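Below is one structure; the comments refer to it alone.
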Amino acid sequence: MTAQKPFYITTPIYYANAELHIGHAFTTLAADTATRYQRAMGREAWFLTGSDEHGQKVEQAARAKGITPLQHTDALVEKFKALWQRLDICYDDFIRTTEERHKKAVRHVLGQLYAKGDIYSDTYTGWYCTPCERFWTEKEVPEKLCPDCHRPVEELQEKNYFFRMSKYQQPLIDYIKAHPGFIRPENRRNEVLGFLAQPLQDLCISRPKKRLAWGIEIPFDPEYVTYVWFDALTNYISAIGYPDDMARFHRYWPASCHLVGKDILTTHAVYWSTMLFALGLPLPEMLFAHGWWVLSGGKMSKSVGNVVNPLDLVEKYGLDPFRFFLFREMVFGADAVFSEESFILRYNADLANDFGNLCQRTLPMLLKRRQGKFRRGPATLPQTAEIAALARAVKADYIAAMEGFLFHEALKRTWDLISRLNKFIDETAPWKLAKEEKWADLDEVFWTVGEGIRFCAHLVQPFMPHTAPKFLEQIGLPATFLPLPQLEWGQLPDGTVCREPSPIFPRLDTPRIESLKKGEKAEKSPKGEKTAPASTGVSPAAGQATGGAPAAPPAAGGATGEGLIDYDEFMKTHLAVAVVETAEKVAGADKLLRLTVRLGEETRQLVAGIALHYTPEQLIGKQVVIVKNLKPARIRGVESHGMILAAGTPDGGLAVVTTDRPATPGIRVK
Ligand code: MSP
């Protein structure tokens with residue numbers, strides 16, 4: 001293998017002044033998907049995200065709460081990280097601009113540029129917008145309103161430090177023209193060139209401490225702190241070792257891609273590029289500016305209160321369908337309108353009907369008629385060679401699309417194959433072939449569809465990392481993926497035996513949609529039965545056998561009358577953290593859910609008596625604690641390998657036990 005530079009991808013670092021919404025989640029999920037794709041291609045990848053913690057907005061938000069800025073950002077950073085954990089973001093590093101490694105790099109950059117004369121002091125008069133933290137020229141604010149946020153601006157005069165950005169205007173124009181792939185998509189590149197057609201002003205990079213104290217002190221003037229954008233942009237190099245560990249820095253730099261929203265393209269394309277020119281460092285290979293998620297009524301905004309919380313959707317519909325929707329629906333680079341209706345439509349059409357149904361339409365019949373065995377014979381049906389050729393073409397197009405961040409294209413093309421396979425089932429009507437006992441043809445249909453499922457599972461894996469392995473498992477393969485370059489049509493081994501399928505994307509029918517939309521917590525028991533309060537009522541075994549009450553521990557001693565045990569005895573019970581991957585009701589049992597949970601590498605099925613308290617959607621993706629070494633039991637005909645812990649709530653409900661902060665799946669709880 002040739003030693004390739006790792007694929008280094010970044011998200012913007014998010015302002016630690018408010019909680020994140022679907023827009024921020026989108027940028028981060030896009031970087032996550034790109035990273036997973038690179039890894040699937042067998043390349044090394046490094047994924048950086050972080051938090052932008054200085055500046056006036058943060059200072060003001062902290063003051064309003066009566067806490068220090070750092071207390072404020074510490075709390076928000078915890079929330080950011082919890083969100084990324086919940087969305088299963090596979091970042092490698094999280095940089096905070098309040099960390100010493102970052103502050104040191106910023107001071108170094110400032111020192112370097114000051115020493116070479118690219119930073120100078122001057123008195124500046126301008127119109128200042130406090131919420132946006134930026135000055136405007138007289139001409140830009142004829143109405144004395146900020147062109148960005150439309151709030152009043154005030155005239156300020158002060159000494160400041162300036163970065164000689166204008167000096168690099170022409171080199172930047174030349175660079176962009178000579179590197180057509182640098183700014184993408186094409187229309188954004190043209191916008192930047194349009195912006196650069198006007199004379200570029202020098203950039204004010206300081207703020208007097210008397211106006212703003214919360215920032216990185218300018219090393220050559222203690223009366224000033226650094227302008228928050230100059231500070232923030234430096235994160236892309238401070239996080240990879242600049243300037244202390246230049247060997248590490250050069251391993252990653254230049255970044256393969258800075259992924260940004262269209263609103264912050266200028267700061268990246270112009271401020272950051274000229275800063276890098278001044279530092280004598282190469283520019284990133286690509287700046288990709290994606291569009292915005294908007295609501296049919298217009299922009300999402302915290303002040304209007306119409307922001308979409310990504311977690312609400314994930315809780316209701318599951319993480320992978322949410323990820324899929326974002327990337328299938330948005331033409332990556334353009335704006336897209338978000339609505340729950342379009343989400344549901346796409347879920348039902350693409351996931352439940354098309355992809356999910358491939359398994360549901362074939363595997364039960366394969367089990368019934370051919371002992372579940374995929375048999376590869378000579379391909380004699382007219383369609384199979386055509387499908388093989390289509391799969392090869394789809395893979396090539398998929399790779400081309402993914403390399404160019406055209407996520408929607410990659411998914412669309414994958415669905416061409418999925419649709420073809422569904423059509424193939426319609427054309428060949430395997431139920432008829434079975435009736436007519438045309439076993440060779442029937443085997444060919446099953447093998448082709450099974451192979452198609454395997455093939456598509458590989459392609460969707462960067463988008464749906466949790467459900468893609470389930471497709472492999474259902475067709476009887478281990479849940480491991482080949483590196484994409486090795487994926488070829490025809491690798492489904494002859495004789496593979498499929499599993500009993502369970503719907504991976506259960507269809508959302510109208511009553512279910514209605515109850516999900518209302519955010520109902522649990523479905524009512526049809527018979528109005530009292531719900532099992534159960535201290536650990538989740539216990540599948542106890543749940544069905546005793547109506548929820550677990551077997552009482554042996555009584556004796558202690559304030560509560562419980563017997564005391566020593567540590568070794570406690571350790572006989574193996575408690576472990578698990579992540580719920582799928583959840584569905586057990587047919588004919590009101591209280592039971594069949595769950596699959598992931599413990600590190602291992603996935604297992606268990607049955608929990610919590611269906612009256614949790615909908616499947618509320619559980620998928622949740623971290624729970626299970627008893628790992630409980631003897632397997634068969635509950636209503638379903639195997640259960642473990643027991644979920646839960647406790648009764650004051651209202652007679654049930655709360656599953658989870659960890660206070662994200663823990664490693666599979667890790668022992670003690
Ligand atoms: N702190 C700066 C970035 C500094 S990078 C050196 C910042 N932070 S932010 O918290 O405002 O988040 C910015 C990111 O979220 C941008 O990529 C922006 O485009 C994205 N989004 C915020 N709302 C969005 C939508 N409604 N839709 C899609 N993305 C949007 O800017």
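Only one residue in G111, G117 is modelled with pLDDT of 95 or more and assigned to a loop (DSSP other than H, G, I, E, B). Which one?
G117
Hey, can you tell me all the residues within segment 468-503 that are touching a Phe, Trp or Tyr at 6+ places or on another chain (Cβ under 9 Å), assigned to a helix (DSSP H, G or I) and either more than 17 Å from F374 (Cα to Cα) or outside the structural domain of K395 (by TED's automatic domain parsing) (or both)?
Within segment 468-503, A468, P469, L484 qualify.
Regarding segment 376-396, can at least one residue be identified that is outside any strand (DSSP E or B) and under 21 Å from L508 (Cα atoms)?
The answer is no, given that none of the residues of segment 376-396 is outside any strand (DSSP E or B) and under 21 Å from L508 (Cα atoms).
I'm trying to understand the selection: among the residues of segment 8-25, which are assigned to a strand (DSSP E or B) and either within 10 Å of the ligand (Cβ to nearest atom) or open to solvent by 30 Å² or more (accessible area, probe 1.4 Å) (or both)?
T10, T11, P12, I13, Y14, Y15
Looking for something within 16 Å of the ligand (Cβ to nearest atom) and open to solvent by 10 Å² or more (accessible area, probe 1.4 Å) - is there at least one such residue anywhere in segment 31-44?
Looking through segment 31-44, none of the residues is within 16 Å of the ligand (Cβ to nearest atom) and open to solvent by 10 Å² or more (accessible area, probe 1.4 Å).
Would you confirm, using the coordinates I've provided, whether Q56 is open to solvent by 50 Å² or more (accessible area, probe 1.4 Å) and farther than 24 Å from A663 by Cα?
No, not satisfied.
Being out of contact with any strand residue (DSSP E or B) (no Cβ under 7 Å at 6 or more places or on another chain), acidic (D, E), in the same structural domain as R370 (by TED's automatic domain parsing) and open to solvent by 10 Å² or more (accessible area, probe 1.4 Å) narrows it down to one residue among E444, E451; which is it?
Testing whether each residue is out of contact with any strand residue (DSSP E or B) (no Cβ under 7 Å at 6 or more places or on another chain), acidic (D, E), in the same structural domain as R370 (by TED's automatic domain parsing) and open to solvent by 10 Å² or more (accessible area, probe 1.4 Å) leaves just E444.
Report the residue count in segment 198-256 for those that are under 27 Å from F288 (Cβ atoms), within 16 Å of the ligand (Cβ to nearest atom) and in a loop (DSSP other than H, G, I, E, B).
Adding up the residues that qualify gives 9.
So which pairs qualify, if the first residue must be in segment 198-217 and more than 17 Å from W272 (Cα to Cα), the second must be part of a strand (DSSP E or B) and of a type in the set (D, E), the Cβ gap must be under 6 Å, and the two must be at least 6 apart or on different chains?
That search, which allows pairs on different chains as well, returns P208/E158; K209/E223.
When you look at L367, is it more than 30 Å from G181 (Cα to Cα), surrounded by fewer than 17 Cβ atoms within 10 Å (Cβ to Cβ) and within 11 Å of the ligand (Cβ to nearest atom), yes or no?
no
Specify the residue that is surrounded by the fewest Cβ atoms within 10 Å (Cβ to Cβ); the eligible residues are those in segment 615-666 that are assigned to a strand (DSSP E or B) and under 21 Å from the mean Cα position of the chain (by Cα).
So, considering only residues that are assigned to a strand (DSSP E or B) and under 21 Å from the mean Cα position of the chain (by Cα), the one surrounded by the fewest Cβ atoms within 10 Å (Cβ to Cβ) is Q623.
The values are calculated or read from the model by the stated rules, or taken from the named source; none is laboratory data. What you are looking at is a predicted structure, and each value in this text was computed from that prediction instead of being measured. For neighbour counting, all protein chains shown are included, and Cβ atoms are generated from backbone atoms with ideal geometry for every residue, glycine included. To get the accessible areas, we keep the full protein, side chains included, count just its heavy atoms, and leave off ligands, DNA and RNA. Shrake-Rupley method; radii C 1.70, N 1.55, O 1.52, S 1.80 Å.
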